[in-house]
1. Where does each of E60, E50, E5 land when they are ordered by accessible area, with a 1.4 Å probe and the largest first?
2. List every residue whose amide H lies under 5 Å from the amide H of T15, counting only residues 5 or more places away in sequence or on a different chain, with H placed 1.01 Å from N in the peptide plane.
3. Need one value: the accessible area of V38 in square angstrom, 1.4 angstrom probe, rounded to the nearest 10.
Amino acid sequence: MTLDEIKAAVDAGQTVHWANTGYIVHKDRLGQYLITYVPNRSCIGLTDREGHGLNGKEAEFFIARSEDGAENPGSQSRPDGQGRGVAPGGAGAFPLGRQL
């Protein structure tokens, strides 16, 4: 998914994941798009500081698939089933309470 597709999906209320379902892309109350690792609530920005480059590859972002597929008929999941198990950014990732 491109940056614009990710933002449009999030704005439309769709659940966008990065790498695997443990990571969710969302928009905070300041209008920033973030990637949060759900198990430990660490997050990083969706893009680099300039707002242009994704913090991840376009192919790694996907829209959540509903149980029956009816909720998001055009949804997709990662075809290779691969994902990361560690929050990107390591020490640079912030818990949700410390968003800048």
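1. Details: E60 20, E50 130, E5 95 Å².
From most accessible down to least: E50, E5, E60.
2. Under 5 Å from the amide H of T15: A64.
3. Near enough 70 Å² of accessible area.
The values are calculated or read from the model by the stated rules, or taken from the named source; none is laboratory data. A quick note: this is a predicted structure, and the numbers were derived from the prediction, not measured. Heavy atoms of the whole protein, side chains included, go into the accessibility calculation; ligands, DNA and RNA do not. Shrake-Rupley method; radii C 1.70, N 1.55, O 1.52, S 1.80 Å.
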